[in-house]
1. What does the charge count around B:Lys264 come to, taking other residues whose C-beta lies under 12 Å from its C-beta (Lys +1, Arg +1, Asp -1, Glu -1)?
2. Run the numbers for B:His2 and B:Lys257: contour at 0.36 nm per residue of separation, minus the present Cα-Cα distance, in nm.
3. If each Cα of region B:284-362 is one equal point scatterer, what is log10 of I(q)/I(0) from the Debye formula at q = 0.18, 0.19, 0.27 Å⁻¹?
4. Can you tell me the 0 to 90 degree angle between the C-alpha axis of helix B:132-147 and the longest principal axis of chain B, rounded to 10?
5. Can you give me the distance in nm between label points at A:Lys308 and A:Arg217, each placed 7 Å from the Cα along the Cα-to-Cβ direction?
6. Going by the alpha-carbon gyration tensor, a ≥ b ≥ c the square roots of its eigenvalues, is region A:223-268 rounded (a/c under 1.5) or, if a/c is not under 1.5, prolate (a/b greater than b/c) versus oblate?
7. Report, largest value first, the span of the C-alpha coordinates of region A:224-379 along each principal axis, in whole Å.
8. When N counts the residues of region B:1-120, how does its alpha-carbon radius of gyration compare numerically with 2.2 N^0.38 Å, as a ratio?
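Nothing in this text is a laboratory measurement; each read-out follows from the coordinates by a stated rule. Here the structure is a predicted model, which means the values were calculated and not measured. Here Cβ is always computed from backbone atoms with ideal geometry, including for glycine, and neighbour counts include all displayed protein chains.
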2 protein chains.
Amino acid sequence: MHKAYVLGIEMTKFTRDPRLRIEKMGAEAVWGAIKEAGIDLKDIQEVYCGNVYNGVGVGQKVMVEVGYMGMPIINLENACSSGSNAVREIYLGVTSGRIDVGLAVGVENLTSVIKGPLVDEDDLEGAMGNSFTAIYAQRARRYMWEYGLKPEHLAKISVNNKRNAYYNEKASYGELIDIATVLNSRMVADPLHLYDCNTNADGAAAAVIVSEKITKRIGGKPVEIVASSLRSGKLPDRFIDMTFEDVTHRTAQDAYKQAGIGPKDIEFAEVHDCFTIAEILRVEGLGLCERGGMVKWIEDGTIELTGKRPINPSGGLLGKGHPIGATGIAQIYEICKQLRGEAGKRQIPGARIGLAMNRGGAVAGIEANACTVTILRGE
Amino acid sequence: MHKAYVLGIEMTKFTRDPRLRIEKMGAEAVWGAIKEAGIDLKDIQEVYCGNVYNGVGVGQKVMVEVGYMGMPIINLENACSSGSNAVREIYLGVTSGRIDVGLAVGVENLTSVIKGPLVDEDDLEGAMGNSFTAIYAQRARRYMWEYGLKPEHLAKISVNNKRNAYYNEKASYGELIDIATVLNSRMVADPLHLYDCNTNADGAAAAVIVSEKITKRIGGKPVEIVASSLRSGKLPDRFIDMTFEDVTHRTAQDAYKQAGIGPKDIEFAEVHDCFTIAEILRVEGLGLCERGGMVKWIEDGTIELTGKRPINPSGGLLGKGHPIGATGIAQIYEICKQLRGEAGKRQIPGARIGLAMNRGGAVAGIEANACTVTILRGE
């Protein structure tokens, strides 16, 4: 198997502006990634584009705006995993030897399409009120009962992620707040307050992924992708075990096997914190700590930038906002920035191995449409 | 590189019924393909699903209905090429050695979503009336001027494809008509009459694609995929040359190279005949005959079932109807049926090598979002 590297990666500032056009946002990210990679636009052999809600030919529209066409362009949809799914496809193209230079792009104008919470109109349960927010609230309650989690613990995750985002110029929800701010914010679905919930947003991210041959020719600051796994969910995890994510576990195990490492080797991670409780479930599903262990990790600051296992140094979805098609690549953007020592005030000293975990969707009652785990290693 | 085979393939009868649910249609096709392949549902290692207009998680909804989840499921959108794009991804998975058993599914409930002609709301030209039908009418006019094509030639393609479809139980637009029927049908966009245009429809198709190892274990009637290529368009071909399709040419050339054969080796083909003129442009773009050569091929019956180079033995889009996500796999279904000698009254005697050509979309003024060419070889 060939090796694959991120040679250039860029994201737009995530924000809320329904007027932002997907082709403009996408092109901004693509141009940034190409410039950083130091490649020629014509070197790109394949493009995979992740998007959920913006219609037909999104990748083509972006590439027309970028200014070059002709290579195969394929659009992917896998709910909130769409962007990292695009990275997986390019990774597979490079590692199989099919291509030497590929482009993964993720983009979403979400605020012009979705005004309230995301509910599939075919999802009877969701239509009757059991939206994502309600389901995560139930999972939080169960976790509280099992492991002694308190609303203050949840709040501290929000405080942490929004503080990280405060030092991230690409994030729109960075704030220096305290636990009281979270607990005094409007209750959305008990025990989740407004500050426990992520925000629909608009944005794009793109990554140029290349073979070893290209890194040797161009140089630059390549970050190796040592694992890229995707799995889809089976039954809803909440029907099996409300506080443990089977699909996250299965995807992570596959990724660790690919990388030849274990969860203890992961120094920091970006995880899909659509809600504060989600961050807890993800970290434990990944096996970064044992079940229930996040209570202590929150208390003792392990997951903070200065802690032993920083989680969501970028600010996560809570701190950046969540333009669903772009989110997965934005996570990988942060991993690359950290591994290259370019994260500024968010820098985790000496970071060498990071993991990005993304998941999305729950159609027809399954646990998740897809979960992705990407592991990257710096020089 | 490993070899890849279609071991089981199925399609629903293409029809128009907005009440048909994607998961039901998809599951019918998937179950048929699995049964024919003689594999266990749990053997499927990856699923790619092509769909354009039916929202989030289509592949997941289909697989929940089928009754098994957990393998990676990825949804693709590439306009009318979505289904054949799904086949390409599974083909790449098998030929790269990543998987031994994959499932490509294409499905569309189009009639509940699209009531009139397909026009992208972002496409200014289309919104002002230059719809696909208008563009193809212009191309037909230019072809008439260049090569002496007459409305009767176009009509004869419709007669041929609808006659082929008459012998195809999966087609809804089969009819034994004559040239006068076409010429007397309502004019849609001069010179294209109603019978020169394909019909939006609903349906699904699925293919189980496996490695050589699996064919040796299971037997069955494997059909080898000897090439699978996908390219996206550059400028609109009508701005370069209205009667020649650059993207069709480029994709076909790549496919011939993969297969190690030339266009003269292609014994029959399914091509994307969204309009009668489209069939002409595709056959010539593929290089099956020289430019302008289709006039003679139509006259002398070369493209008929009893001719030397049958085109669209299934009836094509004109004869079957066009549920866009499913169309690409339905083309491959016909190639497999023919190569296995199972095409009944449509059978082309001794058929050994067939080609399926599909293309779709033209966002932002480009020639096509994607074109696919798949070449298959029988035992």
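1. Values: positive: B:Lys308, B:Arg309; negative: B:Asp265, B:Glu267, B:Glu290.
Result for the neighbourhood of B:Lys264: -1.
2. Numbers: separation 255, 0.36 × 255 = 91.80 nm, distance 1.63 nm.
That works out to 90.2 nm of additional length.
3. -0.82, -0.91, -1.38
4. So the inclination is approximately 60 degrees.
5. Simple spin-label model gives 4.5 nm for this pair.
6. Values: a/c = 3.14, a/b = 2.02, b/c = 1.55.
Prolate is the answer for region A:223-268, as a/c is 1.5 or above and a/b outweighs b/c.
7. 42, 32, 31
8. Values: Rg = 14.2 Å, N = 120, 2.2 N^0.38 = 13.6 Å.
Compactness ratio reported: 1.05.
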